[in-house]
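To start, the structure under review is shown below, and the notes come after it.
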């Protein structure tokens, strides 16, 4: 794909503006609290858009489109069952405690509510997770830029990180939040025309539905080799609930209703949106309680319509792949240089001998080894044809490479959205869409970095390493650790790029840690009897139980002992996703029960007076009376939930 | 905080929008270029939209700044 001058110009203007924002804000950074918590000074519409933008990292954009292609509209459960209700709950019930307690971070709230142990456990796992999360997404971005534009992996990685470093270092959290708003518009306005053109090209929504019915009945015809031989009811890609209600075998996700509603909708989504400091930090930076509570509600509005932007492109890709419009296919898994170096000599060697098609494939597969042969699934016909053509007239290296890439049958769903950008964007619009991609990556990364530096400075450094230092000292530490955080993310990016297993392991561990967390918060905030022993051991037990659950179960298609089922296989789930949702459910229930039982068995450590502002029943109700009734959080929340219900019914 | 984010957002999208409009107008006759976008001159059309969005942001920032100066600031929170 070729970029024109105007494409580069758009990217440069964007980079200039984000750095400019950081630069302008630097003179307001006087204390550590200005730098790390924005001094609680930002209006609600800004924190609201930043709240959603911090979550809309590159992995979300790419991953949701991938799921749209793989599973169709059922992916919207992540939004209309998962995110929105959780965001409303955060605004109406939890924000008063986060904001009202004057805690500067989520771990600090845990310290106020329970004790140091719970805070320590939470802040360490959180700090490690943010660094890895930003490393994983940096690796993904640099890889994409390399595959798509041929940019050098290291250069893209370092330049993008440097831009984020500059504006976060200059303007702290305020700068991250302000640029996130700009990035929000950049992402939306960059990708919207691609979706429009795609939808127009397939012939509108009704035509799309018709074609996706074809995909459902024969996914293999759309090139979905992972679903070869399977067939689903015609509405599987275009109806959110019917295939789900028909059971795991009838929907491409392989998930049952309970796991979807309780595991994803309740445990995982509430766990993420209500306790993850990355997003909660945005609301905590709001200028007053009203603004803080409005933050997630404002964020919920764009979140509700995001499926159009992120899931629809995937569905369009699946439909285009079925009709093979203008030769479109779902992007094949990209081959890298090391594989080409093995493949090309093998093709040349095969060309010198007169072999049958299957013998040729065998030879080529032997050259790359059994594992890679399984990863890429080369197409026998295409390889054989390539060898025949190369025998007649030796082909140039570039042609060999592109035809080898074309012979890969394994689908790279993550490439779906960019394959559309490539298909529909002329120079000019292309620059805009790619800038949107850069913006989504940077907003996600800045979100992680600002959450990391606050947790490190306040919850680890100030709490355990250097107490009672001057504010200037913590300010210095906040800046220093911003540099360290980005440095560590770069290290993680390289780690993940070298060992692809590393990513699976990290994400697995995230799951173990995140799954039980919401139980601790739920009991802590709404039951004054919860003790710190209960919270600590409950959380620990919940995490261990999720590890145990994973060691005892497996999913169809995974080899026990390699992915799950390390100890034994007691239960096999129809898909990874189902296993994941059930794991979360199990961890939540274990943490909930343990916390409950241990709390009842141990003595209370905090008096009612100490729990004021931290626990629901001990806190005076907030008076929303002076606000116009329609603007009260509870009313707005109900309106948003009603909107979700309507959407779920429309796409039933 | 001392910066109204609407200024940079408005300015950036106005500039990018104007660039796309000019580019779209200049390349309008290039049928080969717009074959990808189904024959629509998306640079011109989307550029106009971005420009309008940018200007709207600038105007709203200007109004807010004016209101603040006269002291009748109604806070948007």
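Rule-based calculations on the coordinates, nothing more; no lab input. Just so we're clear, the structure is a prediction, and the values are computed from it rather than from any experiment. In this analysis, Cβ positions are derived from the backbone assuming ideal geometry, glycine residues included, and neighbour counts consider all displayed protein chains.
Listed values, structure above:
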quantity	calculated
Burial order of peptide ranges A:635-648, A:135-148, A:152-165 (average beta-carbon count within 10 Å, highest first)	A:135-148, A:152-165, A:635-648
Cβ neighbours within 10 Å from other chains - mean over B:26-35	2
Residue mean of other protein chain beta carbons inside 10 Å, B:3-16	6
Overall dimensions of segment A:501-620 by Cα: Rg and Dmax, Å	17.0, 54
Rounded FRET efficiency, nearest 0.05, which uses the C-beta distance separating residue A:226 from residue A:397 and R0 of 25 Å	0.25
Projected label distance in nm at residue A:205 and residue A:342, using a 7 Å step from Cα toward the beta-carbon	4.8
Net lengthening on full extension, residue A:261/residue A:559 (0.36 nm per residue, minus Cα-Cα)	104.5 nm
Global form of segment A:167-246, assessed from the alpha-carbon gyration tensor, a/c cut-off 1.5	prolate
Label-point separation in nm, residue A:246 to residue A:464, each point 7 Å along Cα→Cβ	5.2
Shape category assigned to segment A:1-67 from the gyration tensor of Cα positions, a/c cut at 1.5	oblate
Theoretical ellipticity at 222 nm over chain A - DSSP helices of four or more residues, -39500 (n - 2.57) apiece, nearest 500	-22000 deg cm²/dmol
Computed FRET value (nearest 0.05) for residue B:67 with residue A:572, which takes r as the C-beta separation and R₀ as 60 Å	0.40
Pairwise FRET efficiency - residue A:410 versus residue A:623, Cβ, R0 = 60 Å, nearest 0.05	0.55
Share of alpha-carbon pairs per 10 Å distance bin for segment A:337-410, given as whole %	21, 63, 16, 0
Quarter of the Cα convex hull surface for chain B, i.e. its orientation-mean projected area (nm²)	6.3
Paramagnetic label zone (point 7 Å from Cα along Cα-to-C-beta, residue A:529; backbone N under 13 Å) in segment A:597-622	A:597-604
Inverse of mean 1/r across different Cα pairs in chain A, Kirkwood, Å	26.0
Virtual spin-label span in nm between residue A:305 and residue A:476, 7 Å along Cα→Cβ	4.9
